[in-house]
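Written below as C-alpha cells is the structure these notes are about.
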Amino acid sequence: LALIGGVALLAYGQWSKPLLDAERAMQARDSEGALRAYGVSVARFRERAPMQQLLRDDYARVAQNQLAILYRTGQYESVIDTAGSAPVDAAPHFWVGCAMFAKSLQEEGADGQLQWLTRAEDEFKLALASEPGDWDTKYNYELSARLVAALRRPPKPGNKPNPIKLLRPEGPSQQREPPKKVG
C-alpha cells in the first residue's frame, strides 16, 4: 500500500511539474513562460479527461490562471477563445466579460462600443449566475449595464463617445467648491 501511494505521489509530482514551472515564471514576472507552462498543463488535462475530474481543483486553477495572464497581457481575443473550453470553476464568463469590456474601450465608434459592452454585460450576467457572491463580477456587471444604457441614449451632436465620461458627465455638480474644514 505504501509502495502504491509512493508511486502515485511520484506520478502526481511529474504531472504537476508544469504548475510549478508556471508559478516560478510568475514570481520572475515572466508572463510568456507562465503561459507556456500553463499551456502544457492544460494540454495534459485535455489529453486525459479522467484527470480533469480527479484533479478538478488543479484543472480549474490552471485554466483560471491562464485566462488571467492572457487578460493582463492584453490578449483579449485569446481570452475569448480559450474560455470556451475552460471549466466553470475557472470563471470563464468573468474573464470573457473583462476582455470584451476592454475591447469596447479600444473601439472608436459608439456602435462598436455598444456591441462589445452588451456582450460583456451578458457575460458578466452569466458569471453572476454561477458565482452570485462575487463582488468583482457584480461591480463589472453594473458598470457594463450603466454604460450600455448610457450609450443607447441619443448622443449630443459633435460628441465622440467616451465610456468613462458617460458615467461622470461634466456638469454643475462637479464644479462646486470643496467643503471647508472647520475645527
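Quick notes
- Cβ pairs under 9 Å, 6+ apart, first in the range 131-150 and at negative phi, second surrounded by 15 or more Cβ atoms within 10 Å (Cβ to Cβ) and part of a loop (DSSP other than H, G, I, E, B): GLU131/ALA91; ASP134/ALA91; THR137/ALA91; THR137/GLU131; ALA150/PRO161
- Residue, nearest to TYR76 (Cα to Cα), within the range 110-120, restricted to residues that are buried (at least 16 other Cβ atoms within 10 Å of the Cβ) and more than 13 Å from the chain's Cα centre (by Cα): TRP116
- The residue that is nearest to ASP58 (Cα to Cα), counting only those in the range 125-134 that are part of a helix (DSSP H, G or I) and open to solvent by 40 Å² or more (accessible area, probe 1.4 Å), is SER130.
One line per residue, one yes/no per condition, for (1) at pLDDT below 90; (2) among the acidic types (Asp, Glu); (3) open to solvent by 20 Å² or more (accessible area, probe 1.4 Å):
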residue: CYS98; (1), (2), (3): no, no, no
residue: GLU123; (1), (2), (3): no, yes, yes
residue: ASP136; (1), (2), (3): no, yes, yes
residue: TYR139; (1), (2), (3): no, no, yes
residue: ARG153; (1), (2), (3): yes, no, yes
residue: LYS156; (1), (2), (3): yes, no, yes
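- Checking each residue in the range 78-101 for being without any contact (Cβ under 8 Å) to a residue 12 or more places away in the chain and either in a helix (DSSP H, G or I) or under 8 Å from the mean Cα position of the chain (by Cα) (or both) picks out SER78, ASP81.
- When the helices (runs of 4 or more DSSP H) confined to the range 1-76 are screened for residues that are within 22 Å of the chain's Cα centre (by Cα) and of a type outside the set (S, T, N, Q), those reaching at least 3 such residues are found at 17-27, 31-47, 56-72.
- Test: residue in the range 58-65 that is open to solvent by 60 Å² or more (accessible area, probe 1.4 Å) and at pLDDT 90 or above: yes
- Within the range 27-43, the set of residues being at negative phi and surrounded by fewer than 17 Cβ atoms within 10 Å (Cβ to Cβ) comprises GLN27, ALA28, ASP30, SER31, GLU32, GLY33, ARG36, GLY39, VAL40, ALA43.
- Residue check, ALA86 at pLDDT 90 or above, open to solvent by less than 30 Å² (accessible area, probe 1.4 Å), closer than 30 Å to VAL42 by Cα and in contact with a helix residue (DSSP H, G or I) (Cβ under 7 Å, 6 or more places away or on another chain): no
- Taken together, the criteria place LEU166 among residues that are modelled with pLDDT under 85, assigned to a helix (DSSP H, G or I), surrounded by 11 or more Cβ atoms within 10 Å (Cβ to Cβ) and over 16 Å from the mean Cα position of the chain (by Cα).
The values are calculated or read from the model by the stated rules, or taken from the named source; none is laboratory data. For clarity, every value in this text was computed on a predicted model and none was experimentally measured. Cβ sites come from the backbone with ideal geometry, for glycine too, and all protein chains shown count toward neighbours. For accessibility, only protein heavy atoms count, side chains too; no ligands or nucleic acids. Shrake-Rupley method; radii C 1.70, N 1.55, O 1.52, S 1.80 Å.
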